[in-house]
Amino acid sequence: MCPRIQSSPVTPSPPVAELHFFTGTMDSGKSTLALQTNHNHAARGRVGRIFTSRDRSGAAVVSSRLGLTHEAREVDPDFDFWRDIVTTLTAGGRVDYLICDEAQFYTREQIDQLAKVADELQIDVFAFGILTDFRSHLFPGSARLVELADRMNVLQVEALCWCGKRATHNARTEDGIMVTEGDVVVVGDVESEASADTSAEPAHVAYEVLCRQHHRRRLTAARAKAVSLAPEPLPFG
């Protein structure tokens, strides 16, 4: 008679924290998703921390173009995520997840710190940011997130170029004219061509999302409108 083999109960593995990166162009709903993610986790009794850097509405706030806002911790270049979270936990605080908006402005070292928080402290990190600047160059923070993130998610809400095609590039305009040189970080918002004030001093800086073709041609909505309204040449000669 064969002896009965007792099977030992299977102990489920504890959940593993991950570094998530959500990206898209301007006007694709990143900050809205960041605030929704925070709401969903907080509603389940989890305790989170919210961070941002150079939000369009000012320091220490996450703001959505839909009108949603939330207080946040401002991240400057000297901020240390690892030290901040370890200090909180050592003092008896609780942190289950981090919401990190405008992550493109974080330094590469700060992204490394976020990865360490996820790996060593088992705290979920949700980072949100755009990939490239107005020159179509990767932001250092976003580049490091692409290299390190456990999961990278391209937002499904598609921003549209003025022509109706999917917008893939961020453009900076000064008085309605697209520029490809200047400081990488100039805080502004996505505005329509009608809001540009060509008489303002200094130049009115705004941002616009374009498809690759019109970004390459530097053809913004304002310029396209001006071209379409240009008078036809007289049929002489």
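The values are calculated or read from the model by the stated rules, or taken from the named source; none is laboratory data. The structure displayed is predicted, hence computed values, not measured ones. FYI the Cβ positions are ideal-geometry reconstructions off the backbone, even for glycines, and counts take in every protein chain you see. Just so you know, the surface numbers come from the protein's heavy atoms only, side chains and all, with ligands and any DNA or RNA stripped out. Shrake-Rupley method; radii C 1.70, N 1.55, O 1.52, S 1.80 Å.
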Hits in the range 143-178 - residues which are in a strand (DSSP E or B) and touching a Cys at 6+ places or on another chain (Cβ under 8 Å): ARG166, HIS169
Scan LEU145, LEU131 and give me the residue that is open to solvent by 30 Å² or more (accessible area, probe 1.4 Å), out of contact with any Lys or Arg (no Cβ under 9 Å at 6 or more places or on another chain) and closer than 18 Å to THR52 by Cβ. LEU131
Only strands (runs of 3 or more DSSP E) wholly contained in the range 45-142 count here; list those with 1 or more residues that are acidic (Asp, Glu) and under 18 Å from ASN153 (Cα atoms). 124-129
Could you list, in sequence order, all residues of the range 66-106 that are more than 13 Å from the chain's Cα centre (by Cα) and under 17 Å from SER28 (Cα atoms)? LEU66, GLY67, LEU68, THR69
I'm told GLY164 meets every condition in (1) at pLDDT 95 or above; (2) of a type outside the set (Phe, Trp, Tyr); (3) open to solvent by 10 Å² or more (accessible area, probe 1.4 Å) except one. Can you identify the failing condition by its number? (1)
Just one listed residue, out of ARG94, ARG108, ARG65, ARG46, is surrounded by fewer than 22 Cβ atoms within 10 Å (Cβ to Cβ) and at pLDDT below 95, and it is ARG65
Check ASP119 against each of (1) within 15 Å of PHE22 (Cβ to Cβ); (2) open to solvent by 30 Å² or more (accessible area, probe 1.4 Å); (3) of a type outside the set (Ser, Thr, Tyr) and name the one condition it does not meet. (1)
Given the structure, is ALA91 of a type in the set (Gly, Ala, Ser) and touching a residue at least 40 places away in the same chain (Cβ under 8 Å)? no
Could you figure out which of (1) open to solvent by 70 Å² or more (accessible area, probe 1.4 Å); (2) on the phi > 0 side of the Ramachandran plot; (3) among the aliphatic types (A, V, I, L, M) isn't true of ALA60? (1)
Can you tell me which residue is surrounded by the most Cβ atoms within 10 Å (Cβ to Cβ) among those in the range 13-43 that are outside any helix (DSSP H, G or I) and of a type in the set (D, E, K, R)? ASP27
